[in-house]
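The structure under discussion appears below in the form of structure tokens.
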């Protein structure tokens, strides 16, 4: 190229160059324009408009900045930019439901938003500034926002203990525990019970092969259209714990053959003495007498059964023990007698107390159970099975292992199958891509996966070994919530420090008391130092509350203090010695540190104080609206007719001063009484005594008991 | 207007400051022009004279030049990205989120870097094919061919080390698989993998090592060899251009 031609470019080339340059600039401009139109900027403007349309504009925009907002908590690994759009969450005046989202105020919670951020509870992607990215599952983020109805699951990630604010979560955890999910799965904080299901070592001595067949096929559970659980056709609040295993006819035949062959320790029939047989076997009212005794012993505190009254059939009774409506069609008569005499001989971990029976009572009650609690049609649908054949037994044993039965049921000589199912201790933080949906058409998210897996395991996995659980909708949600709470160990050490551990209370008494305590299974219903059941009063501070003499006589013949209760303390027919051991231990050991024994003596209380106390009780504080004295008063609190014999004066004084300090959560209100008033009311209550001698007390006890009997029958 | 501009430029050329920077006068003859090229750090590895046909599009399709321009673009966007990036776990992935959601034009910056890198790998390969089919590896270009192969490997390794830096699942598994393949090498495979990862797993150490390789070691090697490459193009007699007329190269 000659030098003079250099620098000369044709017009066409210039045009091409110009167009290319323009295109290049336009391409570069796309990104800044996109930056200008970001979603959060739109919501920022929206908030300003909203604030200007409201009377308290000035306060609403006091903290307003046109930039991104974020909550940054380094020690918790939280960078939440949610407040860039959700700008009104701390503005109390925006709590109204008319305020459009995302500007509405956050409902009141125990945590301060600025200290905790949003994603520790709500999950989702806190760093995101786009609606879809922040809330949903996207290509680069798999943990979506937790839907409101399962939000308690997020509480459970840190709060491993049961809190009153999270009823759904608590219920779910309780269901996971009571349905022995930990039998097969490793769960966070829910320990595997020693052996969750009944021991089957001798099940052949207890039930027939036909009954086993029926039970395996349909473990009492029938789900009706409304989703509520019916047992034997009657409504139940709790569903039976045994799930349905979808077994074929062949498997049922083999399994029932194997199980009915398990009778390594056959039961010798109990021999009633000829005197008892002579007296009772011919009497026409033996069944009625048995029923009366059954009621008097308050079997229904733990066991439920169907009662037909005025044409209406209802389940009554408690849920600690199994339901008994058709029990006589299930168990062998000899086994029943042996069981009632000593339940722990058959099942060492049984919750059933060992009653002190008189032979006549035992005879009457077993006759009643065999005559009334039975159903001749129960096994009519079971095919003729006959004696178990050898190959059936061998096949049945194989099925038993394949289905994971020995995860829950012990059989002597068969090792338990621990962790038979997958580990679920971090299920709540599983990503969708880690879940197996199979051919199902359910929405691809963790919640729908959990729910369809529980209701029908084969829906997501044809070969699932997991049995089927028939929960109603509310319980299914509760279980889902509890599973979502299982997010594994906290991601940071700071969060680890924030985790509230689950209390693991244990109460292991020793000595003579322990023997009696275990014989009557006190902790089934009562709490001791935070351990035990919820059915009956907490006895942790019983020694500070009740007088020893009263405890002793109550144990021998329990009379109710709260006439409106359905469930009563059973009549154990305790011996004097046993009652004395329990009373001594309770009054010496179960003491409150806040009540000083002997700090208030009855002798120091004058009749004048008592008279003033009566007036205060009836006029100033109106205690009778909840408590009964004589024939008048309310039924919310306990009956105080015998308060002078029952309660310790120092307890009454401390209780009146601050009930919640002694028993947190009690409904007794704190009334800010002066010390003089407290003394006066204590003096009055201490004068309330029923009878004096033992005979009078016994009479009262019998009355209480028969009232109680009517109470149950009337429920 | 034009004359004013020219006279202004002429005045500027007479200033002492201008003369201290550009020591020669205006390049009006071939001699002064070649002196200008020789005397300039950035131009001295360029040929003083090129044949017109070697500037035609079909002569090279500018594949090498575009690769170099992409390399420059990658350097600039890479330096900008370094302002926002921490080679640490788990901050590295959070920085990706910040680039996406908070940093102005962050998405553009990341995509520009990523796409330019992919394009560069593609163009470097095309460049190699082009040179190969033109017989550019034959004497006297053998040495420059070898330098080119080294540059190809450096480009690929730059691409590979950059892949881990976002610290997402794709990155993690790609590097896991890649280094496992490497460990299948006889005798030294396991040691090499350990050295590269700074451990037995793709973890914090691997991230740091890959980062240092990606932003310091490999770019320096690349610049060095690009310099040699360009220099040798000139020293070996310019592009290998197929002559339409006589069939000579």
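Sort out which residues of the range B:142-186 are part of a loop (DSSP other than H, G, I, E, B) and surrounded by fewer than 14 Cβ atoms within 10 Å (Cβ to Cβ), and write them in order of number.
At the first step, the residues of the range B:142-186 found to be part of a loop (DSSP other than H, G, I, E, B) are B:165-168, B:184-186.
Once the filter is applied, which keeps residues that are part of a loop (DSSP other than H, G, I, E, B) and surrounded by fewer than 14 Cβ atoms within 10 Å (Cβ to Cβ), the range B:142-186 yields B:184, B:185, B:186.
I want to confirm something. Restricting to the range A:8-41 and keeping residues that are surrounded by 11 or more Cβ atoms within 10 Å (Cβ to Cβ) and closer than 30 Å to residue A:98 by Cβ, which single residue is farthest from the other protein chains (Cβ to nearest Cβ)?
Among those residues, the one meeting the criterion is A:41.
Note down all Cβ pairs under 9 Å where the first residue falls in the range A:2-20 and is on the phi < 0 side of the Ramachandran plot, the second is in a helix (DSSP H, G or I) and modelled with pLDDT of 60 or more, and they're at least six residues apart or on different chains.
Short answer, once both residue conditions are applied: A:3/B:30; A:3/B:33; A:9/A:17.
For the range A:100-134, name all the residues that are within 14 Å of chain B (Cβ to nearest Cβ), under 32 Å from the mean Cα position of the chain (by Cα) and not in a loop (DSSP other than H, G, I, E, B).
A:119
Restricting the search to the range A:263-287, which residues are in a helix (DSSP H, G or I), out of contact with any helix residue (DSSP H, G or I) (no Cβ under 6 Å at 6 or more places or on another chain) and farther than 10 Å from residue A:363 by Cβ?
Within the range A:263-287, A:274, A:275, A:278 qualify.
Within the range B:201-217, can one find any residue that is surrounded by fewer than 16 Cβ atoms within 10 Å (Cβ to Cβ) and farther than 28 Å from residue B:94 by Cβ?
Restricting attention to the range B:201-217, the residues satisfying the condition of being surrounded by fewer than 16 Cβ atoms within 10 Å (Cβ to Cβ) are B:201, B:203, B:205, B:208, B:212, B:216-217.
Narrowing the set further to residues that are farther than 28 Å from residue B:94 by Cβ leaves none.
Scanning the range B:201-217 turns up no residue that is surrounded by fewer than 16 Cβ atoms within 10 Å (Cβ to Cβ) and farther than 28 Å from residue B:94 by Cβ.
Since residue B:231 meets every condition but one in (1) modelled with pLDDT under 90; (2) more than 19 Å from the chain's Cα centre (by Cα), which condition does it not meet?
Checking residue B:231 against (1) modelled with pLDDT under 90; (2) more than 19 Å from the chain's Cα centre (by Cα), the one that fails is (2).
Counting only residues that are within 9 Å of chain A (Cβ to nearest Cβ), touching a residue at least 40 places away in the same chain (Cβ under 8 Å) and either over 27 Å from residue A:78 (Cα atoms) or part of a loop (DSSP other than H, G, I, E, B) (or both), how many does the range B:78-130 have?
The number of residues fulfilling the criteria is 1.
For the range A:432-455, enumerate the residues that are in contact with a helix residue (DSSP H, G or I) (Cβ under 8 Å, 6 or more places away or on another chain) and not in a helix (DSSP H, G or I).
A:435, A:437, A:438, A:440, A:442, A:444, A:445 - these are the residues of the range A:432-455 that are in contact with a helix residue (DSSP H, G or I) (Cβ under 8 Å, 6 or more places away or on another chain) and not in a helix (DSSP H, G or I).
Within the range B:148-163, is there a residue that is under 29 Å from residue B:67 (Cβ atoms) and within 14 Å of chain A (Cβ to nearest Cβ)?
Of the residues in the range B:148-163, the ones under 29 Å from residue B:67 (Cβ atoms) are B:148-163.
In the following step, the residues that additionally are within 14 Å of chain A (Cβ to nearest Cβ) were identified as none.
No.
Does the range A:171-215 hold any residues that are modelled with pLDDT of 80 or more, buried (at least 20 other Cβ atoms within 10 Å of the Cβ) and in a loop (DSSP other than H, G, I, E, B), and which are they?
A:179, A:180, A:185, A:187, A:188, A:190, A:200
Hey, can you tell me all the residues within the range A:42-53 that are exposed (fewer than 13 other Cβ atoms within 10 Å of the Cβ) and either in a helix (DSSP H, G or I) or touching a strand residue (DSSP E or B) at 6+ places or on another chain (Cβ under 9 Å) (or both)?
Listed by number, the residues that qualify are A:42, A:45, A:49, A:52.
If you check A:473, A:482, which single one turns out to be within 26 Å of residue A:184 (Cα to Cα), exposed (fewer than 14 other Cβ atoms within 10 Å of the Cβ), in the same structural domain as residue A:450 (by TED's automatic domain parsing) and touching a residue at least 40 places away in the same chain (Cβ under 8 Å)?
Exactly one residue qualifies, and that residue is A:473.
What tally of residues in the range B:36-77 results from selecting those that are part of a helix (DSSP H, G or I) and within 14 Å of another protein chain (Cβ to nearest Cβ)?
Residues meeting the conditions: 10.
Quick check: anything in the range A:688-700 surrounded by 16 or more Cβ atoms within 10 Å (Cβ to Cβ) and modelled with pLDDT of 80 or more?
Scanning the range A:688-700 turns up at least one residue that is surrounded by 16 or more Cβ atoms within 10 Å (Cβ to Cβ) and modelled with pLDDT of 80 or more.
Take residue B:136 and decide whether it is within 30 Å of residue A:40 (Cβ to Cβ) and touching a helix residue (DSSP H, G or I) at 6+ places or on another chain (Cβ under 7 Å).
no
Pairs only if they're at least six apart or on different chains, beta carbon under 8 angstrom, first in the range A:138-163 and within 17 Å of residue A:433 (Cα to Cα) and more than 14 Å from chain B (Cβ to nearest Cβ), second modelled with pLDDT under 85 and assigned to a helix (DSSP H, G or I); list them, first residue then second.
Partner pairs satisfying both residue conditions: none exist.
Residues B:4, B:32: which one is surrounded by fewer than 10 Cβ atoms within 10 Å (Cβ to Cβ) and either in a helix (DSSP H, G or I) or in contact (Cβ under 8 Å) with a residue 24 or more places away in the chain (or both)? Walk me through it before giving the result.
On the way: B:32 fails: surrounded by fewer than 10 Cβ atoms within 10 Å (Cβ to Cβ).
It is B:4.
Being surrounded by 17 or more Cβ atoms within 10 Å (Cβ to Cβ) and over 32 Å from the mean Cα position of the chain (by Cα) is the requirement here; does residue A:620 meet it?
On the way: surrounded by 17 or more Cβ atoms within 10 Å (Cβ to Cβ): no; over 32 Å from the mean Cα position of the chain (by Cα): yes.
For residue A:620, the condition - surrounded by 17 or more Cβ atoms within 10 Å (Cβ to Cβ) and over 32 Å from the mean Cα position of the chain (by Cα) - is not met.
Going residue by residue through the range A:54-75, is there one that turns out to be part of a helix (DSSP H, G or I) and within 14 Å of chain B (Cβ to nearest Cβ)?
Yes, the range A:54-75 contains at least one residue that is part of a helix (DSSP H, G or I) and within 14 Å of chain B (Cβ to nearest Cβ).
The values are calculated or read from the model by the stated rules, or taken from the named source; none is laboratory data. As the structure is a computational prediction, the values presented were derived from the model and not from experiment. When we count neighbours, we look across all protein chains shown, and the Cβ atoms used for this are built from the backbone with ideal geometry, even at glycine.
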